[in-house]
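Written below as structure tokens is the structure these notes are about.
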Amino acid sequence: MNKNFLMFALRKLATMILTVFLISFVVFFIITLPPGDFLTNYIGRMAEAGEAVSPELIAELKAHYGLDQPFVVQYWKWISNIVFHGDFGYSFLLSMPVTSVIKAYIVPTMVLSLVTMIFTYAISIPIGIYSAVHQYSVGDYLFTTIGFIGMAVPNFLMGIILMFISFKLTGNTMLGLYSPGMENAAWSMAKFIDLMKHSVIPILVIGLMNTCSLMRTMRGQMLDELGKNYVMAARAKGLKAKAIRYKYCVRAAMNPVASSIGWSLVNIFTGTTIVAIVLNLPSMGRVMHEALLDQDMYLAGSWLFLMAIMTVLGTFISDLLLAWLDPRARSEYLKG
Amino acid sequence: MALFKKKNKERDDSYYYASQWQLMYQKFRKHKLAMASAVLLIVFYTIAIFGNFVAPQGTEQFSGEYVNCGPTPIHFFHEGEWEGPFVYGLKRDRDPVTYMNIFVEDTEKICHIDFFAEGDKGGEYKILGLIPCNIHLFQAEGDGQVFLFGTDGMGRDLFSRVVLGAQISLFIPVVGMILTVALGLLMGSLAGYFGGWVDNVIQRLIEVVRSFPNVPLWMALSAALPATLKPAQVFMLMTIILSLISWPNLARTVRSQFFSIKKEDFIMAARISGAPASAIVLRHMIPSFLSYIIVNMTLTIPSLIVGETTLSFLGLGLRSPATSWGVLLQETNKLETIMFYGWKLIPMIFVFLAVLAFNFLGDGLRDAADPYK
């Protein structure tokens, strides 16, 4: 690893930390946005349920969150609790700390996102290459049409449409991750197959938008590369078309695709959130929706914060990846 | 390969005399899909503007009698004889399998459809919000009912609701787009013109906004709206929320355009002749990349349509009695809708068409934006 690369990474890291800091500010602003502080709402809700909240508890919560203090102090309490104690606040909807809610749901959510991500790249890159190499063929037109439709249809519509189709064809809407009765069954081949069956629609829906846009990018990049002079030079020297295509063109065309990992994450998180709500999946998206409908802002805000941080991390990784793949990128960046 | 392709077509003089905008229009007309989309969108917007006339029912009307009634087919022949457009009367029945209430046609009773009918069935409205009027495009005579798209769970005519919902679903995005463009232009030109620390700050801001997944951030912001707001206020705030999140794309385009144009001679000339910064930006720089801005504007609208629909669908945007396509789709997220009331999915087709049409239009405009290519 050379010095150039290290400098590049360090500078990117510094901007990343600054961005995360700004993001945390925005998130805290959103958390405090609903009128009246959450404690008043909480006390109101408890009173509605017929439970009195002891004055000591109120005083303690007030002190803990610094509610009678200015915005900046409240912000400091919130962020320092997260950074030093891993405490994201308290969810009044589920009556437990936000941290435990997140712990309970983060694994399925991340698995779903990751599987979708792999699926997205595995499908879109080959299709993009195919479309570029066979430009204006029937296959290219077909994929272009699918791509346009996939980018245009909102996620939740796609979810409902697929549920509808699945119901018409098989009589089952494939809601949830398991069929009724399977959820608590011991792990077996049958349960695994059931899970796989139920994952098809979510993965399709979450991945579709991203797959389509990646497919378009890959196609465009590949077309650019194929028209360049080095391709003709290599042809003139007698290299086989296939060798040029896969050894040089694909490698060069991959760069912008690699740099889009961060933004792909944004798409995928959006997708997972909505699909979880529509298809009733046990993931963070559904919890966030319920929390928002109830203005349980600590829970919703924390999840928003985590998604944004993961996106920034994804962008950071893809920047490093690009710098590693393409030396031009890092020298241009360092030059300014 | 491309080297030997003959590119120069024979062109008559009109090509060389044509202005940039004329060339763009000529090129745009060649994009068939974009032309078709433009026509479709004009039809959609015209119908939305005259929605109260086109819709047989007003927003607040419902008939408890006809709950969850399927679309009523329009017939022309009765027992082999020409009758003109008419519907049969409806009578209540029970599904032999599921025992659910259904409606079947009563082939004894014929109700002709009157066009430009003046009637109390549809209720009064004001043309363009000014002139009171009571004429509707079509209506069934007597106690007949025309439900082109069926009815919803409260017995409201779905066709009317789609038409009236279009008024909100198609116009929120336009207002939002105007705000987005204003914000994007302002931020982009500040960053691009001044560069330096201003640029740095705005770049960070763009990065922060873009790091949030769109829809969840929209959701969080609209959830923070107090539940006591009036529909008009929710409408306003939703528009602001939608555009607060979608400006960075345009700002980035504008910024990079600024950087490439800034060093051109004509800008230098303007600066030397003492033109103030605002004049240079507004008179010289923005017009030179106006076409890109127009493309970006067209492509912003579909994402805002999706935003509004998604939020209302999730119960975080507009709420009944306000009517928008997203509000209509709320009913589709129930199992029984998918299983028994398939027609309630019809509003989806319109969301789909509108979004697709705007995308194709934007695509056509993007091709046309560079007519010399």
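The values are calculated or read from the model by the stated rules, or taken from the named source; none is laboratory data. Fair warning: this is a prediction, and the values are worked out from it, not measured in the lab. Counting neighbours? That spans all protein chains shown, and the Cβs are built from the backbone with ideal geometry, glycine included. Side chains included, ligands, DNA and RNA excluded: accessible areas come from the protein's heavy atoms. Shrake-Rupley method; radii C 1.70, N 1.55, O 1.52, S 1.80 Å.
Taking segment B:18-57 as the range and being surrounded by 19 or more Cβ atoms within 10 Å (Cβ to Cβ) and in a loop (DSSP other than H, G, I, E, B) as the test, the residues that pass are B:His31, B:Ala55, B:Pro56, B:Gln57.
Residues that are open to solvent by 30 Å² or more (accessible area, probe 1.4 Å) and under 17 Å from B:Met100 (Cβ atoms) within segment B:69-84 comprise just one, B:Pro71. Taking segment A:250-332 and the helices (runs of 4 or more DSSP H) fully enclosed by it, the elements with 1 or more residues that are surrounded by 20 or more Cβ atoms within 10 Å (Cβ to Cβ) and away from chain B (no Cβ under 14 Å) are at A:250-258, A:297-325. Condition check for B:Ile267 on (1) within 14 Å of chain A (Cβ to nearest Cβ); (2) aliphatic (A, V, I, L, M); (3) open to solvent by less than 60 Å² (accessible area, probe 1.4 Å): one failure, at (1). In segment B:213-228, the count of residues that are part of a helix (DSSP H, G or I), touching a residue at least 12 places away in the same chain (Cβ under 8 Å) and open to solvent by 50 Å² or more (accessible area, probe 1.4 Å) is one or more. Within segment A:124-152, the residues that satisfy the criterion of being open to solvent by 10 Å² or more (accessible area, probe 1.4 Å) and among the hydrophobic types (A, V, I, L, M, F, W, C) are A:Ile125, A:Ile127, A:Ile129, A:Val133, A:Val138, A:Leu142, A:Phe143, A:Ile146, A:Phe148, A:Ile149, A:Met151.
Just wondering, is there one or more residues in segment A:79-102 that are under 17 Å from the mean Cα position of the chain (by Cα), under 28 Å from A:Ile261 (Cα atoms) and at pLDDT 85 or above? Spell out the reasoning first.
If we filter segment A:79-102 for residues that are under 17 Å from the mean Cα position of the chain (by Cα), which is where we start, we get A:102.
From what is left, the residues that are under 28 Å from A:Ile261 (Cα atoms) are A:102.
Narrowing the set further to residues that are at pLDDT 85 or above leaves A:102.
The answer is yes; a qualifying residue exists.
Set side by side, the residues B:Ser291, B:Ser222, B:Ser243 differ, and just one is more than 30 Å from A:Val275 (Cα to Cα), touching a Leu at 6+ places or on another chain (Cβ under 8 Å) and either among the polar types (S, T, N, Q) or not assigned by TED's automatic domain parsing to the domain that holds B:Leu353 (or both), which is B:Ser291.
Per-residue answers, yes or no, for (1) closer than 16 Å to B:Asn68 by Cα; (2) among the acidic types (Asp, Glu):
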residue: B:Glu141; (1), (2): no, yes
residue: B:Thr151; (1), (2): yes, no
residue: B:Ser160; (1), (2): yes, no
residue: B:Ala182; (1), (2): no, no
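In segment B:180-201 there is at least one residue that is open to solvent by 10 Å² or more (accessible area, probe 1.4 Å), of a type in the set (Val, Ile, Thr) and within 14 Å of another protein chain (Cβ to nearest Cβ). Each residue in segment B:331-360 was checked for being part of a helix (DSSP H, G or I), over 18 Å from the mean Cα position of the chain (by Cα) and more than 7 Å from chain A (Cβ to nearest Cβ), and 7 of them qualify. The residues of segment A:247-286 that are more than 21 Å from A:Arg219 (Cβ to Cβ) and among the aromatic types (Phe, Trp, Tyr) amount to a single one, A:Phe269. The condition (being part of a loop (DSSP other than H, G, I, E, B) and within 30 Å of B:Ala227 (Cβ to Cβ)) is satisfied by just one residue among B:Gly307, B:Gly315, B:Gly326: B:Gly315. In this structure, A:Phe143 does not satisfy being in contact (Cβ under 8 Å) with a residue 40 or more places away in the chain, within 14 Å of chain B (Cβ to nearest Cβ), assigned to a helix (DSSP H, G or I) and farther than 20 Å from B:Lys334 by Cβ.
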